[in-house]
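Notes follow the structure.
Rule-based calculations on the coordinates, nothing more; no lab input. Bear in mind that the values here come from a model prediction, so they are computed numbers and not experimental data. Please note: Cβ atoms are built from the backbone with ideal geometry, for glycine as well, and neighbour counts cover all protein chains shown.
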Amino acid sequence: MISKLKHNLALKLDLIGFSASTICAIHCALMPFIIVILPLVGMEFVANPLLEYSFIASSIIIGFYTFKHGYFNHHRKVYPFAIFLIGLLIVLIGHFFFHDHSVDDKLIFQTSENDIHGKLFIIIAPFGALLIGASHFINRKLSKEKKAKSCTCLDY
């Protein structure tokens, strides 16, 4: 019974991780284009660095739980976790080396020609977030397949 609850929680957290990573990728890709509109619609909190860092922290917590659960209880495959770590590393590199929150009030096409960092961030961070989302999708799929093969009941 407890094992079934943990499995269902892990599957739901994988789904949340996948969704959050997709939202993060969209956020990173579109933020330079919509930053000017946010204060007009009362959503300037979306550009807050604290929101971005909380997404990263949530991703780490959810990821470590779901991949540990999937690996030890279901599929024994390390590549979903490896994809997650690569995606996380790419996101962290993008945030700490290519993203400057002090220039968030500029649109991407208003930045100087020499602002290659801002332009690279728009490519790097969403790519890392999509890798994290893909890793959750793969982990969820593998966990469901192994659970189905080992369980005689279909109500999981």
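At 0.36 nm per residue, minus the direct Cα-Cα distance, what do K68 and F96 gain on full extension? Give it in nm, one decimal, please.
The span from K68 to F96 would gain 7.4 nm if fully extended.
Over the range 2-150, what relative contact order in percent results from Cα pairs under 8 Å that are six or more residues apart?
Worked out over the range 2-150, it gives 42 percent.
Quick one: length gained pulling L89 to N48 fully straight, 0.36 nm per residue minus the C-alpha distance?
Between L89 and N48, full extension yields an extra 12.7 nm.
With charges only on Cβ, +1 for K and R and -1 for D and E, what is the dipole size of the range 2-150 about its Cα centre, in debye, rounded to 20?
1460
What spacing in nm lies between the two simple spin-label points modelled at K6 and L40, each 7 Å away from Cα in the Cβ direction?
My value for the distance between the label points is 5.2 nm.
If the reach is capped at under 17 angstrom between alpha carbons, list the lysines near K144, excluding any in the same chain fewer than eight residues apart.
Reachable lysines: K4, K6, K12, K68, K77.
Could you give the nm distance between label points at I61 and E145, where each point is 7 Å from its Cα heading toward the beta carbon?
3.1
At q = 0.15, 0.17 Å⁻¹, work out log10 I(q)/I(0) for the range 2-150 with the Debye formula, treating every Cα as an identical point scatterer and leaving solvent out; two decimals please.
Values, matching the q order: -0.75, -0.88.
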